[in-house]
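Engineer: Shown below is the structure under consideration.
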């Protein structure tokens, strides 16, 4: 492996447009970086912000949300709900100090395999430039608690002891 | 309380999972180290329940499927993960294989390592790693699956056909002939649609009325068809197999049971108005009118906006002269409710409004006509009895310019090709030539004559001496510059084959304006719970493989409602939609995918956040209990309400929070962290 | 009072003095409050952008930067001159579209202690403001001397409705704003087919023969439609058609006498203002013969004035399609 | 039953305001039941006790410990571990212990920022800029104060917890009911719910108890409650007031909405919810009545502080738990 940082990105796709766009990218042998791992939902309207937060809190460096273009949702209008949730989530994440490039929304129709691949490449580059998110992983379903020493060690790396003993 | 300290899960996994990695010949194995993925799954995911992992050349082959079946039986597998191609290709295959072996088909998960890995990546190492992650996500997801059963819904034998154009007529006749009842709803006073306005049909030049009228009459007389003209669907409740449709039957002010269609009322009516509908604004009709002589049904309609009686309270000429006392000024709109099992939408198209291309002068320059105006002009039953004349009503044009692609293939208006205009323009050229001997110019971008006998017709028109100028017309103007241009309409165009600007003075311009979705297509789509593309065409379930079905079970679409089409394709779609419906009716019941949302009532507090989120009207609020519920048969499984519920009271099958969060953790390899001590990172 | 930042442009002080005077005269009845940008400079007209992009945009944007500093309670800049309007709107648009250009321009502005944030101002043409903010109802209510009987060719020129960076015009090829305004004044507005065609611009200086042909087309078409005069919104158009009409006549051996006035002059007349305050007498082609139709209160014989486009209604006439906005008449 | 055979009771106050302690006293005469049925062995607010006394107790000695307050410093963490060891039933009592509560909002800032604010702002009278030192060599020997951790954690992020009682503070009648339940359970007359349960609260959300009239929701604008004259009978959210009631566990009796103020979410998420803020984000966004991104953004401008709105009580227990500065120190 080279030394360049390889981000891990979780991508959410809808069953009807963007997942099929990913299929089409495959069928057409369009190349894109292997950093994105896709999850299929029935619709971008299924995207619960919890999923995004969970991914970021568990080691993903970024999240890509995709869906049908506005007005072309197979469930008529549910991607607008995804859009609204995304915009509010983005504001919330900004308040948590997470860069906007780390959670992006991309519309891709079933015919836009090449476009989806381009967007993935673009997002990977943007996230690579930002560096790892490194969100200290929290207690998860497998049960390793996040101890206060660990939390402390996170800051020790970055802040000098002088800060507290000034 | 979410990051609650949870003790380690018991080391004994709950499920027995089989993992199958497909080579797909060299399609996957060429880029992904399949054996490594298999070994990795066997070792590193054993603590998550993977008891067997295999790789095989072609998992989808019958031998591959047998491999799975054998393991289910012999190893007692309770879950199956196949890492192969896209679920859109083979999900059903592997589900069936599991079902044959006695495992609930929904306990099988297919993850794509071909479309998402081997075909799009080149680095073998990175691709293998990604394949592992995807497989790991699948394992975490599948262990949280629950056994599901498809929903079975009975099908009501009646069908609703909306739109009485040729597509709707064809669909209605096919179903009625097969012996099942049909309600054919048309919002105009007569069925027939656009085709009834045409003169000749390309490329055979048969008379539109001659081929359409017999069909209209059959539809009107058919014992299985209930014809509801001057009617509109206002509401659709229910779901596939069991729709309740509310239809507004607008008041005709004519008692249909008494009317003989003699037409005296129309004759005696003193009020003459421009007929914007049937005559495309080029002719007149009365306020009490039968839209055209061959109309089906033959009953007239009183247009209350223009009727003298409705405006001033006097006149009543129609009533006085009606021999059967059929005129009833007190008639009111009626609302009917019908039960149907399936619905076919054949709502047709609107013509592009040529006024929008203001540089072509339609509406300002008298002798610029639209295609539909020309259809009426050339129709022997039209306002000029088929004489092709200028708007003064007498002068025969000596030179005619036909402009293609008006509003189509144009970034300012519609990007799409309207499909029929080339052939229609060629037909116009032929008719003008034949009937007036005028010089005819066609201004085109490309000539598209792709169906049977179309290009032969183009050759024929070329041989007849019609002139073709390849270029997009810049302007149609009456501002003369040179002698010879005065009193003419000048077409300014770049002739791209010659590479020159040309000004061609003509007497008449015909704009081949394109086809657009119905102005109210979006509202119609909302009523029926289906979707429109951004420009307004109704969206088919699959553009190639399922062109007359929609995403909403039980609702079919045919004809120009889905996009521009010529008459043969329109008729074919009408018949195809009918065939799909007949198949459904014959089966008697339908199995629906069990991807559904449901409400845990004890957690629902009746906040009503979800209430207006469902475009399929599956969500109902119960005032008495102050809780919301979801109708499983109406639910299409998009999951928007599941994601929206602030109390977490709505759950979705097949895409539950647990499944998706499990998959996220699997993809991020968090599941490896409970691996036995000493096992290194992947 | 609606208040706007006002960018007059050089023409208003010289060749288009009539425009300036008439505009100032109608401000009061219209309730239009124009706050002239202090220390404004030339917009570079049509040529400079073609010569050297960055300095040209910097020149334009200096005005916007000054305007932004001066802005109090409004973010709208009004320009009466079509070229100025187009330049200001274009500079605003391209500063946003091409961030590198924006940076360079702001670097240049910084030398004068100025800065302009693209899209912080809205650039509008005077006609747009009168139609859409003040409104035709207000205009109609001020009309005391309707221009009844005066046949006017509405001439916008090519720079106003296109490329329409802020999507303000009804149509790019045949906008109806000027027609509606003139109709509100009581004038009979001809359907002028060349309303957005070019007047020749500065071709009068570079290739006069080309310009003359363009000028001739416009005048000939107006004449063909039996217009008494042309009304324009653009100082350049007015100058070309007015000042070069005699030369055009010489060139083509024609004898056109087509007056061209600014729409603000006609508004002033209709509002009953003293013609002396409206800049009359500056035009080369005498407008008096045309204006005597309304100055003297003799109703003109409209029957003779029917345009050739609508021949007498005979029974066989087929109806014309209805156009949106026709009912306003 | 003699006094020393009575079940043992403890209550501890970590990073919290003290409101939970007041709420316990506020249960009125029931407090006498506590005394009658329990032997209070450790309750620093109510009686003198030393940590070493607790350390001396055998493991599992205390029957019931109500732990309130989050884990802000090492002392809090050590006491959490100690009391876990010594208690049969450890209850995460109140919003701070369960969710971090208001002290948890400090997780939006780095330690440095917090200390700067506490010791270095204009309003602080600290001319020599004295800062806390974790160890100090005094003539009497080395002195220590507990280390200030980088961010607030909830009790259950440190040790396993048996039950949760939510609320800031928990409603007194709910505390009373829990006391009754535990007493009855100890007497064998009732059964305790499975460990990990939330007790002293409802299973639905605040809307369940809110009498305001509700309809299908379409939000065109978010307002702050003082900007409008709210209809007293209509759902506040429908009037554009960002009320957290739909996502907040019931149990309080919908006190705030009944008094005319929006719910701010002190009872935490509903049963089974992973991230409280996410539920509100998705719920509010779902009912915004706009499809155009610019219009949506305009409506969202009405929520000037989304993190504060959605995570006021819940930040430390949320999936992200803290903002980036708290982790990175920057």
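Engineer: Only one of these conditions is not met by residue B:477: (1) crowded, with 21+ Cβ neighbours inside 10 Å; (2) closer than 30 Å to residue C:225 by Cβ; (3) at pLDDT 95 or above. Which number is it?
Structural biologist: (3)
Engineer: Among the residues of segment D:273-330, write down those that are in contact with a strand residue (DSSP E or B) (Cβ under 8 Å, 6 or more places away or on another chain), assigned to a helix (DSSP H, G or I), surrounded by 24 or more Cβ atoms within 10 Å (Cβ to Cβ) and at the interface with chain A (Cβ under 7 Å from one of its Cβ atoms).
Structural biologist: D:284
Engineer: Right, here's the next one. Determine if segment B:122-135 includes at least one residue that is within 14 Å of chain A (Cβ to nearest Cβ) and in a loop (DSSP other than H, G, I, E, B).
Structural biologist: Yes: segment B:122-135 contains one or more residues that are within 14 Å of chain A (Cβ to nearest Cβ) and in a loop (DSSP other than H, G, I, E, B).
Engineer: State which residue is farthest from residue B:88 (Cα to Cα) when the search covers only segment B:533-577 and only residues that are free of Cβ contacts under 8 Å to residues at least 60 places away in the same chain and assigned to a strand (DSSP E or B).
Structural biologist: The selected residue is B:549.
Engineer: Is it the case that segment A:75-92 has a residue that's closer than 30 Å to residue D:287 by Cβ, modelled with pLDDT under 95, over 13 Å from the mean Cα position of the chain (by Cα) and more than 7 Å from every other protein chain (Cβ to nearest Cβ)?
Structural biologist: So far as segment A:75-92 goes, yes, one or more of its residues are closer than 30 Å to residue D:287 by Cβ, modelled with pLDDT under 95, over 13 Å from the mean Cα position of the chain (by Cα) and more than 7 Å from every other protein chain (Cβ to nearest Cβ).
Engineer: With the requirement that a residue be more than 12 Å from every other protein chain (Cβ to nearest Cβ) and surrounded by 24 or more Cβ atoms within 10 Å (Cβ to Cβ), what does segment B:518-554 give you?
Structural biologist: Within segment B:518-554, B:548, B:554 qualify.
Engineer: Continuing with the same structure: If I filter segment C:137-154 for residues that are closer than 24 Å to residue C:87 by Cα and in contact (Cβ under 8 Å) with a residue 40 or more places away in the chain, do I get at least one hit?
Structural biologist: Scanning segment C:137-154 turns up at least one residue that is closer than 24 Å to residue C:87 by Cα and in contact (Cβ under 8 Å) with a residue 40 or more places away in the chain.
Engineer: Let me ask something else about it. Of A:55, A:60, which residue is under 30 Å from residue D:298 (Cβ atoms), facing chain B (nearest Cβ under 8 Å) and buried (at least 23 other Cβ atoms within 10 Å of the Cβ)?
Structural biologist: From the options A:55, A:60, the qualifying one is A:55.
Engineer: Find the residue count for segment B:382-395, including only residues that are surrounded by 15 or more Cβ atoms within 10 Å (Cβ to Cβ) and either more than 11 Å from chain C (Cβ to nearest Cβ) or outside any loop (DSSP other than H, G, I, E, B) (or both).
Structural biologist: Total meeting the criteria: 2.
Engineer: Follow-up. Give A:156, A:144 a once-over and let me know the one that is at pLDDT below 90 and either surrounded by 16 or more Cβ atoms within 10 Å (Cβ to Cβ) or more than 9 Å from every other protein chain (Cβ to nearest Cβ) (or both).
Structural biologist: That would be A:144, the only listed residue that is at pLDDT below 90 and either surrounded by 16 or more Cβ atoms within 10 Å (Cβ to Cβ) or more than 9 Å from every other protein chain (Cβ to nearest Cβ) (or both).
Engineer: In addition: Just for strands (runs of 3 or more DSSP E) wholly inside segment D:140-238: which have at least 1 residues that are touching a residue at least 40 places away in the same chain (Cβ under 8 Å) and within 13 Å of chain B (Cβ to nearest Cβ)?
Structural biologist: D:148-153, D:163-165
Engineer: State whether one or more residues within segment B:338-349 are surrounded by fewer than 21 Cβ atoms within 10 Å (Cβ to Cβ) and modelled with pLDDT of 95 or more.
Structural biologist: Yes: one or more hits.
Engineer: How many residues are in a helix (DSSP H, G or I) and at the interface with chain A (Cβ under 7 Å from one of its Cβ atoms) if we restrict to segment B:659-670?
Structural biologist: 7
Engineer: Out of A:87, A:116, A:93, A:105, I need the residue that is under 30 Å from residue B:544 (Cβ atoms) and part of a helix (DSSP H, G or I). Which one?
Structural biologist: Exactly one of A:87, A:116, A:93, A:105 is under 30 Å from residue B:544 (Cβ atoms) and part of a helix (DSSP H, G or I), namely A:116.
Engineer: Next question, about the same structure. Considering only segment B:466-506, how many residues are outside any strand (DSSP E or B), touching a strand residue (DSSP E or B) at 6+ places or on another chain (Cβ under 8 Å) and more than 14 Å from every other protein chain (Cβ to nearest Cβ)?
Structural biologist: 5
Engineer: Please indicate, with yes or no, whether at least one residue in segment D:94-105 is more than 15 Å from the chain's Cα centre (by Cα) and either more than 10 Å from chain A (Cβ to nearest Cβ) or over 17 Å from residue D:315 (Cα atoms) (or both).
Structural biologist: no
Engineer: A further question on this structure: Could you check, for segment B:256-263, whether at least one of its residues is over 18 Å from residue B:184 (Cβ atoms), within 14 Å of chain C (Cβ to nearest Cβ), part of a loop (DSSP other than H, G, I, E, B) and without any contact (Cβ under 8 Å) to a residue 60 or more places away in the chain?
Structural biologist: no
Engineer: Please specify each residue of segment B:596-612 satisfying the condition of being within 22 Å of residue B:531 (Cβ to Cβ) and either touching a strand residue (DSSP E or B) at 6+ places or on another chain (Cβ under 7 Å) or more than 8 Å from every other protein chain (Cβ to nearest Cβ) (or both).
Structural biologist: Listed by number, the residues that qualify are B:596, B:597, B:610, B:611.
Engineer: Out of all the residues in segment B:322-338, is one or more in contact with a helix residue (DSSP H, G or I) (Cβ under 6 Å, 6 or more places away or on another chain) and either farther than 21 Å from residue B:254 by Cα or outside any strand (DSSP E or B) (or both)?
Structural biologist: There is at least one residue in segment B:322-338 that is in contact with a helix residue (DSSP H, G or I) (Cβ under 6 Å, 6 or more places away or on another chain) and either farther than 21 Å from residue B:254 by Cα or outside any strand (DSSP E or B) (or both).
Engineer: Something else now. Just checking, which of C:87, C:92 is under 22 Å from residue C:162 (Cβ atoms) and within 17 Å of the chain's Cα centre (by Cα)?
Structural biologist: C:87
Engineer: Follow-up question, since we're still on this one. Looking at segment C:49-58, which of the residues that are touching a helix residue (DSSP H, G or I) at 6+ places or on another chain (Cβ under 8 Å) and at pLDDT 85 or above is surrounded by the fewest Cβ atoms within 10 Å (Cβ to Cβ)?
Structural biologist: Among residues in segment C:49-58 that are touching a helix residue (DSSP H, G or I) at 6+ places or on another chain (Cβ under 8 Å) and at pLDDT 85 or above, the one surrounded by the fewest Cβ atoms within 10 Å (Cβ to Cβ) is C:54.
Engineer: How many residues does segment B:87-113 hold that are at the interface with another protein chain (Cβ under 10 Å from one of its Cβ atoms), at pLDDT below 95 and touching a strand residue (DSSP E or B) at 6+ places or on another chain (Cβ under 8 Å)?
Structural biologist: 1
Engineer: Could you grab me the full set of residues in segment A:94-117 that are in contact (Cβ under 8 Å) with a residue 40 or more places away in the chain and touching a strand residue (DSSP E or B) at 6+ places or on another chain (Cβ under 8 Å)?
Structural biologist: Within segment A:94-117, A:102, A:103, A:104, A:105, A:106, A:107, A:108, A:116 qualify.
Engineer: So is residue D:52 surrounded by fewer than 15 Cβ atoms within 10 Å (Cβ to Cβ), assigned by TED's automatic domain parsing to the domain that holds residue D:167 and closer than 15 Å to residue D:9 by Cα or not?
Structural biologist: The answer is no for residue D:52.
Engineer: Show the residue pairs meeting these rules: Cβ distance below 6 Å; 6+ apart or different chains; first residue within segment B:281-299 and more than 14 Å from every other protein chain (Cβ to nearest Cβ); second residue part of a strand (DSSP E or B).
Structural biologist: Here the result reads B:288/B:302; B:299/B:254, each pair linking segment B:281-299 to a residue that is part of a strand (DSSP E or B).
Engineer: May I ask you to say which residue of B:192, B:179 is in a loop (DSSP other than H, G, I, E, B) and within 25 Å of residue B:518 (Cβ to Cβ)?
Structural biologist: When all the criteria are applied, what remains is B:192.
Engineer: A further question on this structure: Among the helices (runs of 4 or more DSSP H) contained in segment C:201-318, which hold 3 or more residues that are surrounded by 24 or more Cβ atoms within 10 Å (Cβ to Cβ) and at pLDDT 90 or above?
Structural biologist: Of the helices (runs of 4 or more DSSP H) lying wholly inside segment C:201-318, those with at least 3 residues that are surrounded by 24 or more Cβ atoms within 10 Å (Cβ to Cβ) and at pLDDT 90 or above span C:208-224, C:235-243, C:263-270.
Engineer: Among the residues of segment B:626-653 satisfying the criterion of being within 8 Å of chain A (Cβ to nearest Cβ) and not in a helix (DSSP H, G or I), which is surrounded by the most Cβ atoms within 10 Å (Cβ to Cβ)?
Structural biologist: My answer is B:638.
The values are calculated or read from the model by the stated rules, or taken from the named source; none is laboratory data. Predicted, not measured: the structure shown is a model, and the values here were computed from it. Cβ coordinates were reconstructed from backbone atoms using ideal geometry, including for glycine residues, and neighbour counts include every protein chain displayed.
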